[in-house]
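First up is the structure itself, then whatever we jot down about it.
The values are calculated or read from the model by the stated rules, or taken from the named source; none is laboratory data. Everything numeric here is computed off the predicted structure, so don't read it as measured data. Cβ: placed from backbone, ideal geometry, glycine included. Neighbour counts: every protein chain shown.
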Amino acid sequence: MPPTPRATNSRARTARWGIPVAAGSALALVGGVLLWSPAGEADATPKAEPRAAFTAVAAGDIAEQCTASSSSCKHPKTAALVKQINPSFAMTMGDNQYDDARLKDFQNYYDKSWGAFKSKTRPVPGNHETYDPAGALKGYKSYFGDIAYPDGESYYSYDQGNWHFIALDSNSFDDDAQIDWLKADLAANAKKCVAAYWHHPLFSSGEHGNDPVSRPVWKLLYDNKAELVLNGHDHHYERFAPQNPDGKADANGIVELLGGMGGANPYKIEEVQPNSQKRITNTFGVVKLNFTDTGFSWNLVATDGSTKDTSPSYECH
């Protein structure tokens with residue numbers, strides 16, 4: 001079921017079992033698998049990887065002005081991945097429709113691919129949604145309606161499982177009303193885990209590079225022990241190690257995931273940023289996110305069906 005809108009400190013990778021050479025270890029045959037117990041720990045059982053409580057997909061920078069009739073058109077191919085994965089919901093990180101995001105553009109292009117799961121899409125706008133000649137975000141709002149404006153604003157939040165998701169409009173991070181709303185939303189949150197997403201990344205190794213517009217938002221999220229930030233804008237894939245809003249490595253920091261490979265022309269990697277762990281360009285696909293009640297991980301799935309990257313497993317703060 002898609003999520004419904006709604007008006008402590010450790011991070012670790014999932015443990016895996018090996019067989020050490022140590023005196024006093026106990027061995028047991030369980031289901032045909034030889035298991036061990038360290039000395040003094042009888043009847044050890046394997047620690048299972050946490051199962052996904054739910055799955056979501058994410059991508060930004062999606063619909064060029066083309067359709068599946070063109071073999072070079074990529075957004076129908078990334079939409080096919082979403083259909084195959086069948087997630088609980090999809091997060092789009094802005095620039096959903098190119099170039100000027102007019103309503104007729106959404107209807108002629110985006111709707112013919114990603115529109116198939118519009119009802120379970122939770123979008124945010126990018127800079128291209130502001131270029132509409134009819135007015136900034138006019139086509140975006142007309143196309144998505146209450147899906148993108150559940151509370152009458154271009155930012156909102158919702159819950160799924162043990163997670164709180166915050167969808168923000170980075171075109172107006174200088175708007176005190178949005179920042180005040182975010183502070184109140186974080187203060188009211190009762191969920192263990194927090195993820196937020198918007199278009200312009202604070203950290204990026206791509207052509208647009210770092211965008212300091214979101215640093216105050218990062219600080220609010222960091223101070224409230226958020227886990228994950230997802231962005232688009234630069235047309236490549238990149239994941240970062242946990243860090244603080246000043247770009248310093250921090251085991252208790254936020255993981256940033258940049259997923260601008262939903263269909264728009266790829267960008268080059270220009271300047272690798274500190275804490276950047278993986279960068280992939282010239283690849284179209286979606287991020288398949290696996291959320292548990294206590295943590296998260298993800299895979300980058302390319303349009304050919306292959307997995308191009310697998311993240312570490314993280315625990316919520």
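Residue pairs whose Cβ atoms lie under 6 Å apart, separated by 6 or more positions or on different chains, with the first residue in region 79-92 and within 15 Å of Ile147 (Cβ to Cβ) and the second among the basic types (Lys, Arg), are Phe89/Lys120; Phe89/Arg122; Met91/Arg122. The residue of region 288-317 that is farthest from His75 (Cα to Cα), among those that are among the hydrophobic types (A, V, I, L, M, F, W, C) and touching a Lys or Arg at 6+ places or on another chain (Cβ under 9 Å), is Cys316.
Within region 79-129, if we keep just the residues that are crowded, with 21+ Cβ neighbours inside 10 Å and small (Gly, Ala, Ser), the residue that is farthest from His208 (Cα to Cα) turns out to be Ser113.
Yes/no matrix, rows are residues, columns are (1) of a type in the set (A, V, I, L, M, F, W, C); (2) in a loop (DSSP other than H, G, I, E, B); (3) within 18 Å of Thr55 (Cα to Cα); (4) more than 15 Å from the chain's Cα centre (by Cα):
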site	(1), (2), (3), (4)
His233	no, yes, no, no
Asn252	no, yes, no, yes
Asn265	no, yes, no, yes
Pro274	no, yes, no, yes
Val286	yes, no, yes, no
Asp293	no, yes, yes, yes
Leu300	yes, no, yes, no
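Table: residues versus (1) out of contact with any Lys or Arg (no Cβ under 9 Å at 6 or more places or on another chain); (2) of a type in the set (Gly, Ala, Ser); (3) not assigned by TED's automatic domain parsing to the domain that holds Ala190.
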{"residue": "Cys73", "(1), (2), (3)": "yes, no, no"}
{"residue": "Pro76", "(1), (2), (3)": "no, no, no"}
{"residue": "Pro87", "(1), (2), (3)": "no, no, no"}
{"residue": "Leu103", "(1), (2), (3)": "no, no, no"}
{"residue": "Gly115", "(1), (2), (3)": "yes, yes, no"}
{"residue": "Lys138", "(1), (2), (3)": "no, no, no"}
{"residue": "Phe144", "(1), (2), (3)": "no, no, no"}
{"residue": "Asn162", "(1), (2), (3)": "no, no, no"}
{"residue": "Phe165", "(1), (2), (3)": "no, no, no"}
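Taken together, the residues in region 106-139 that are in contact with an Asp or Glu (Cβ under 8 Å, 6 or more places away or on another chain) and in a helix (DSSP H, G or I) amount to 6. Evaluating Ser142 against the criteria (1) surrounded by 21 or more Cβ atoms within 10 Å (Cβ to Cβ); (2) assigned to a helix (DSSP H, G or I); (3) polar (S, T, N, Q) leaves one unmet condition, (1). In contact with a helix residue (DSSP H, G or I) (Cβ under 6 Å, 6 or more places away or on another chain), closer than 25 Å to Phe89 by Cα and surrounded by fewer than 22 Cβ atoms within 10 Å (Cβ to Cβ): is that true of Thr307 in this structure? Spelling it out, it is not the case that Thr307 is in contact with a helix residue (DSSP H, G or I) (Cβ under 6 Å, 6 or more places away or on another chain), closer than 25 Å to Phe89 by Cα and surrounded by fewer than 22 Cβ atoms within 10 Å (Cβ to Cβ).
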